[in-house]
Structure formats: C-alpha cells, structure tokens
Amino acid sequence: VPTGQDFKVADLSLAAFGRKEITLAEHEMPGLMSIRKEYADAQPLAGARVTGSLHMTVQTAVLIETLVALGAEVRWASCNIFSTQDHAAAAIAVGPNGTPDNPQGVPVFAWKGESLEEYWWCTEQALTWPGSPTGGPNMILDDGGDATLLVHKGVEYEKAGKVPAIETAESDEHRAILELLHRTVDGTSQKWTRLASEIRGVTEETTTGVHRLYEMQRDGDLLFPAINVNDAVTKSKFDNKYGCRHSLIDGINRATDVLIGGKTAVVCGYGDVGKGCAESLRGQGARVIVTEVDPICALQAAMDGYQVTTLEDVVETADIFITTTGNKDIILASDMARMKHQAIVGNIGHFDNEIDMAGLAKLDGIVKDEVKPQVHTWTHPDGKVLIVLSEGRLLNLGNATGHPSFVMSNSFADQTLAQIELFTKPDEYPTDVYVLPKHLDEKVACLHLDALGVKLTELRPEQAAYIGVEVTGPYKPDHYRY
Ligand code: NAI
C-alpha cells in the first residue's frame, strides 16, 4: 500500500476479482438493492459519517456501497482477525470507479490474518475521521460491539484520568486494547469523550454485541442510543439459523474435507445458531448430539429429533465438536485432552473464549502445528492429534466465507434501515437499546419474496378486523416469537 493513503488492505491487485464477486452478490441481495433504489433521491444518510466494524466480506461490500448510495461517508474495519476477504477489501478501497493505481473507494482497514494489535489499530483507524468536527464518526455500525466498546472504554478512562495497568490484562485481547488506550488516552486531549459526543447511535449486528449493549444500559453506562439489529426477526431467525446452516459445513469442509456423514457431531448450544448448525450437520448425515443449559431449547432439540446430553457424556466418543453458545469456557482444555484421535474442534459463536485455547496451549508436552492457515493440529504427548479450526475463532468466517449473500441481504437491509432510523430521527430514540420497529422487519422480509417466487395471500378487511391487525400489517403483536 503506497504511504499516505487512507486505507490498509492486503493486496489492491485483488480488486478486480473482488468487484466481480460484488457484482454477482448484488443480484443475490435484493433487499439492499431495492433500498438503494427507494432512497436514491431522498439520500437519508447525507451527512452521516458511519464507522463500521463488521466482517469485511463481499456481502459487507454491498452493504458499504449501499450506505454510500444513501449519502453516507463510511470508514470500515473488520470485527475479526480472520474474517476479511482480501479481494472484497481491495475492491472497497479501490471503489467502483477507481483503479489499483488510483484508488477512489472507501477507507477500509482490514486483511485476513491480523494480529490483535493490528486488529485494534484497524478499529481505531475506522473510528478516526480526519477533518470531522470531533475527529470521529456520528454513527457506528457494529458487529460484536468492539467499536462501541473502544469508545466507551476511552471515555471511561478519560473520566477516571487513567487507563488500568497493562499487567492487569486478563487475556491477549484485553492487553491489546489496553495498549491502544494507553497510547490514546491523556489528560488533555479527551479524544474519546470528544469523539463520543457527536455519535447519534449504534446499530448492532449480533447476539454477543447486543448482550454487551443491554449490560451497559442496565449499568447506566450507555453513551448513545442503540438499535439491536440482531433481534429483528429477519436477522436472528434467518442469518443466525439459515446462514449458519450454510456456512458451518462450508467451513468444516474447506478446512478438513473430512466426510461428515456417519460421524458423531456435538453442537453445544441450541439457540438460533445452534439450530442452524445442528440441521446442517444432520443434512450431511452426521449423528448430531446437542448440549444445552436452557430447558426450553433442550426440549426443542429433543423434539427436533436430536439426542440431548452433556459434553461429559460424549467427549471421548464424538468426532466433531462445535460451540454455538456466545458463552465462555464451553470446551475446556481438560475436555480436549480426553477427545479421540483427530477429533475436530471448532467454534461459530462470536468470540474465541468458548474453547479454552489458552489452556490447550499450556497442556504438558502439547505441540501445535499449522496444516494451513486457520487449520492447526495439536499433538498430545501420547501421539493423539486434535484438529482445531480458526484457533477457536468463528470458523465459518475463518475457514470459509461466512454466510451467503441472500441471507445477509436480510441482515444488512435491517442494518441499513436501523441506520436511517437512528440518524434521521434522533428525537424518537433517546439513549436506550431498541429493536427495529416491526413494520420495518416485515418490509425487509417483503423485499426478499419476489426473488424466491413467493406469492403472499392478502388478508381481507373482515379477516384483518377479526384477528385485530391492519390489512397492511404489522401482522403480529410484539410478543409473538415466530
Ligand atoms: P442464542 O442465545 O440464541 O443461543 C445460545 C444458546 O447457547 C442458548 O440457547 C443458551 O441456552 C446456550 N448455552 C449457553 N451456555 C451454554 C452452555 N454452557 N452449554 C450449552 N449451551 C449453552 O444465541 P445465538 O443467536 O444462537 O448466537 C450464539 C453466538 O453466535 C453468539 O456469540 C452470536 O453473536 C454468534 N453468531 C455467530 C454467527 C456467525 O456467523 N458465526 C452468526 C450469528 C450469531
């Protein structure tokens, strides 16, 4: 990358390939493309400076260019060190009208295989807006909450007048963010406080990020309003479920090419992601076993025909282990020590603490070897080998290319409408965490029906009156669970 340019990607020469895949993806993303058409004249995001922290994939490229088509300025980073598709990042940096020698695209800071230090540097670059009044964005589009966390931690430590000592870091990840904050928090500049002051809101993509937002709200720490995009029905009941149904086995296949049929696969967690994962493994002919803590989800798994038991019961006999919980310490190093030779271990939840990778590395005499990027064998002293995918980070984006375009069109249409809501109606959203209004959720579903040849039945007025809804919707009360 030539110096002085306001982006950092792996290889600009991949831009033409990226552009071809973006063009193919546009056809598969009818939600985003019809939003572009609908709002072309109104330009509802004119004046928005959107910082995005979300996997820099081909589908995300279509999202970014949709935000730009609606008038926004955008800066972007990936929200995972392994999830960037380098050709998509290059195409975004070059832009539809630029060339690798004359890039004219969006400032993007993302490449596959960042170190943790580089990861947080990229997030900081996406949040740094040269020439803006506060030096920062006025909107955040987040996935997992890292951009939001960085701003909140910066403000908290500026208020306290100091950043905790680096030695207090609880993990490598924590150390990397503390180092960044030590570099950027000082008594005089109040960089983060200034930056936060103009942020109108954040729209959050995933279960884990949403969890963080509700915690901040509960503790009175939330600095700006947030829309929980994850719990739009057209997001979590589609992306988390059908997206993972597609991309879980894609990741396992690309990483190992092991025949899944006939194997015993354990899916830890039977929420939206777990449901999609279990179905995808069963679709390949695996015998799927589910672990759950929630009796409702455990009962659902049983009714769907899966054996539900504890990890303890199957840890020595199963072939494939997938964590989907968004919780920590699901598979411990002591569990992995008991697994059978060439068991495959992977995580599809947002963060890498579902599998105790640090504990695995500390086991006596264990040897790690790279088969290829994001696929490692861990050999125990007795010769037993485990195959760990994406170093315990989300394997569908680390080992494959994440969810396909059509399902992401739903999620990203939700994201775009949520950005428009928060940016254009600040008075309607005082600081709190909101879900997308149901009429917008239904609108996003509508935008995807034609492409699949779906014909909707129209309610007759007397039928609408009988069930107490409008002919034009919303068709369900807010408490309906789908
Ligand atoms: P969810 O809350 O619907 O499901 C998680 C399930 O795990 C719950 O049913 C919970 O009871 C269960 N669980 C919690 N602790 C457990 C334990 N110790 N043992 C067994 N089960 C346990 O959440 P959702 O939407 O399924 O998301 C899960 C994770 O996946 C989150 O981190 C989310 O951010 C992430 N995600 C990843 C995607 C990807 O493409 N890789 C896509 C969407 C979400």
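So, taking all protein chains as they sit and a 1.4 Å probe, how much accessible area belongs to W129, in Å² rounded to tens? Using a 1.4 Å probe on the heavy atoms, I get roughly 20 Å². Centre-to-centre, using Cα atoms only, region 319-358 and region 410-469 are separated by 37 Å. Selection among S411, P474, A400 by position relative to the dipole of region 387-482 gives A400 as farthest towards the positive end (Cβ unit charges, Cα centre). Neighbours of Q217 by Cβ distance under 13 Å: Lys/Arg scored +1, Asp/Glu scored -1, total -3.
Any chance you could list the semi-axes, whole Å, largest first, of the equivalent ellipsoid that the Cα gyration tensor gives for region 356-482, using √(5λ)? Don't skip to the end; give the middle numbers.
Details: eigenvalues 465, 73, 44 Å².
With the √(5λ) rule applied to region 356-482, the semi-axes are 48, 19, 15 Å.
Positive end of the dipole of the chain (Cβ unit charges, origin at the Cα centre): among S334, A25, T193, the Cα lying farthest that way belongs to A25. Once you've got the Cα coordinates, tell me which of K112/K372; K37/K241; K153/K362 are over 23 Å apart. As for pairs spanning more than 23 Å Cα to Cα, those are K37/K241; K153/K362. Descending by average beta-carbon neighbour count within 10 Å, the peptides 67-74, 306-313 line up as 67-74, 306-313, the highest first.
State the percentage of accessible surface on the chain attributable to carbon and sulfur atoms; use a 1.4 Å probe and exclude ligands, DNA and RNA. Intermediate values should be presented prior to the final figure.
Working: 10890 of 20860 Å².
Carbon and sulfur atoms account for 52 percent of the accessible area of the chain.
Per-residue ellipticity at 222 nm computed for the chain from its helices equals -11500 deg cm²/dmol, with DSSP H segments shorter than 4 residues left out and the rest contributing -39,500 (n - 2.57). With θ taken as phi - 60° and the coefficients 6.51, -1.76 and 1.60, list the Karplus ³J(HN,Hα) couplings across region 427-433 in order, rounded to whole Hz; mark glycine and proline as x. Once θ is set to phi - 60°, the couplings for region 427-433 become 5, 7, 10, x, 3, 5, 10 Hz. Normalising the Debye intensity of region 4-78 to I(0), with uniform scatterers on Cα atoms only, and taking log10 at q = 0.22, 0.27 Å⁻¹ returns -1.10, -1.31. Distances between placed amide hydrogens fall under 5 Å for G326 paired with G349, H350, all partners being 5 or more residues away or on another chain. Taking S197, S405 and ordering them by how much accessible surface each has at a 1.4 Å probe, largest first, produces S197, S405. For L222, the residues whose modelled amide H falls within less than 5 Å of its own, excluding neighbours fewer than 5 places apart on the same chain, are Q217. For E204, neighbours were defined as the other residues whose beta-carbon sits under 10 Å from its Cβ, and their charges (Lys and Arg +1, Asp and Glu -1) total -3. Ligands, DNA and RNA aside, E167 has an accessible area near 150 Å² when probed at 1.4 Å. For A343, the residues whose amide H sits under 5 Å from its own are I387, ignoring neighbours fewer than 5 places away on the same chain, with H placed 1.01 Å from N.
State the volume of the convex hull built on the alpha-carbon positions of region 356-410, expressed per residue in Å³ and rounded to an integer. Before the final figure, lay out the partial values.
On the way: hull volume 4.3 nm³, N = 55.
Hull volume normalised by residue count: 78 Å³.
Taken over the chain, the percentage of Cα pairs per 20 Å bin, counting from 0 up to the bin with the maximum distance, is 23, 56, 20, 1.
Taking Cα centre as origin and charging only the Cβ of basic (Lys, Arg, +1) and acidic (Asp, Glu, -1) residues, the dipole magnitude of region 119-214 rounds to 420 debye. Rg/Rh for region 144-217 stands at 0.98; both radii use Cα atoms, and Rh follows the Kirkwood definition. Lys and Arg at +1, Asp and Glu at -1: add these up for the other residues within a Cβ distance under 12 Å of A318 and post the number. Charge balance near A318 sits at -1. Computed with a 1.4 Å probe on the full set of protein chains, the accessible area for D11 sits at about 60 Å². In percent, rounded to a whole number, the relative contact order of region 101-177 is 27, using alpha-carbon pairs under 8 Å and six or more apart.
The values are calculated or read from the model by the stated rules, or taken from the named source; none is laboratory data. The shown structure was predicted, so the numbers you read here are calculated from the model rather than taken from an experiment. Every residue, glycine as well, gets a Cβ built from its backbone with ideal geometry; the counts of neighbours run over all protein chains shown. With ligands, DNA and RNA removed, areas are computed over all heavy atoms of the protein, side chains included. Shrake-Rupley method; radii C 1.70, N 1.55, O 1.52, S 1.80 Å.
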